[in-house]
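The values are calculated or read from the model by the stated rules, or taken from the named source; none is laboratory data. None of these values were measured; they are calculated from a predicted model. Glycine gets a Cβ as well: all are built from the backbone with ideal geometry, and neighbour counts include every protein chain shown. The accessibility values were calculated without ligands, DNA or RNA, using every heavy atom of the protein model including side chains. Shrake-Rupley method; radii C 1.70, N 1.55, O 1.52, S 1.80 Å.
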Amino acid sequence: MLGASSPIVRRVRLLGLATSLLLASLANGATVPLVRGLVLETIGEQTENPDEVISGKRSLKGSYSGNSSFQVYLRTDAALFPLASDRTYRVTFRYKILAQADRGCEVLFFSPKAGAVGNFLPSLPINAPVGTTGVAELTNTLGNFDDYQLRWNIVGRGAIAIDEFQLIDVATGFVLLSEDAEGTAPSFRLARAALPPARVGRTFAITLAALGGRPPYTWRSGTLALPPGLQLDADGHLSGKLTAAGSFLFD
């Protein structure tokens, strides 16, 4: 049961990049960190093959030769990186066709709940001869569902490399998630493990602090709203009077 002194549950994203990292395996057994919330599926990998890399030392790669109609090789994790309903997002990335897919490759914003009722957003198909390179861009306004993922699929059999991915909040122009497969994503963490509780109607103030990256930091709320009555300044000062009790997730 929530009370007037219920704690604020916080999740703060710095400069649009998540605060912790996941590891993805290379074919040679080495590991390179991917930003939190981005998942390489079984048919996905990081490639260092010079004939496949788009830029730098590595690119992300999806390759499938089975019999399924489509396979996901890269996606965001809705639990670790939630996308806000009714909000507009843009995804951009570079690509290179390594083996032309039977029916092409695609990127899309997908909600299992929306799909269950036949509600699908338009995808961006990529279907071109081997060796074709380019820049893909897809903009969608999400429906009123809370489980959207950003997915990269191979439709049929084929292979593709992608690089320099960015996910952008169109309303603010803020880069929420980015990945270049080089293992150079900044590693940030909050200096405090948890924020102190706030009481409804009473003044609350704290200055957020972080470790890692390159200070000075610029703080900004993301797609999930701050607790009602509080505001976050660019210098990390979180303050105000809480107007409702509860546990709040914000970024």
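Selection within region 67-80: residues that are open to solvent by 40 Å² or more (accessible area, probe 1.4 Å) and polar (S, T, N, Q). The member of this set that is nearest to the chain's Cα centre (by Cα) is Q71.
Does A185 count as at pLDDT below 90 and either polar (S, T, N, Q) or farther than 23 Å from K57 by Cβ (or both)? Criteria not met by A185. If you go through region 111-141 and keep only what is more than 15 Å from T92 (Cα to Cα), among the hydrophobic types (A, V, I, L, M, F, W, C) and within 21 Å of the chain's Cα centre (by Cα), you end up with A114, F120, L121.
Of all residues in region 78-94, which are closer than 21 Å to A136 by Cα and charged (D, E, K, R)?
Correct list: R87, R90, R94.
Report, by residue number, each residue of region 42-81 that is of a type in the set (D, E) and under 14 Å from E179 (Cα atoms). Listed by number, the list holds a single entry, E45. The residue that is modelled with the lowest pLDDT, counting only those in region 44-66 that are open to solvent by less than 30 Å² (accessible area, probe 1.4 Å) and of a type in the set (V, I, T), is T47. Take the conditions (1) buried (at least 19 other Cβ atoms within 10 Å of the Cβ); (2) hydrophobic (A, V, I, L, M, F, W, C); (3) within 20 Å of E52 (Cβ to Cβ); A114 misses just one of them, which is (3).
Pull up region 208-236, narrow it to residues that are modelled with pLDDT under 85 and among the polar types (S, T, N, Q), then point me to the one that is surrounded by the most Cβ atoms within 10 Å (Cβ to Cβ). For region 208-236, the residue satisfying everything is T223. Taking region 118-133 as the range and being closer than 25 Å to S55 by Cβ and out of contact with any Leu (no Cβ under 9 Å at 6 or more places or on another chain) as the test, the residues that pass are P125, I126, N127, A128, P129, T132, T133. Across region 81-106, the qualifying residues are those that are free of Cβ contacts under 8 Å to residues at least 60 places away in the same chain and surrounded by fewer than 18 Cβ atoms within 10 Å (Cβ to Cβ), and the one among them that is farthest from the chain's Cα centre (by Cα) is D102. All told, N127 meets the bar of being out of contact with any Ser or Thr (no Cβ under 6 Å at 6 or more places or on another chain), surrounded by 15 or more Cβ atoms within 10 Å (Cβ to Cβ) and modelled with pLDDT under 95. Would you check which residues across region 159-181 are among the polar types (S, T, N, Q) and either in contact with a strand residue (DSSP E or B) (Cβ under 8 Å, 6 or more places away or on another chain) or open to solvent by less than 20 Å² (accessible area, probe 1.4 Å) (or both) and list them? The answer is Q166, S178. Restricted to region 130-158, and to residues there that are open to solvent by 40 Å² or more (accessible area, probe 1.4 Å) and acidic (D, E), the residue that is nearest to Y64 (Cα to Cα) is E137.
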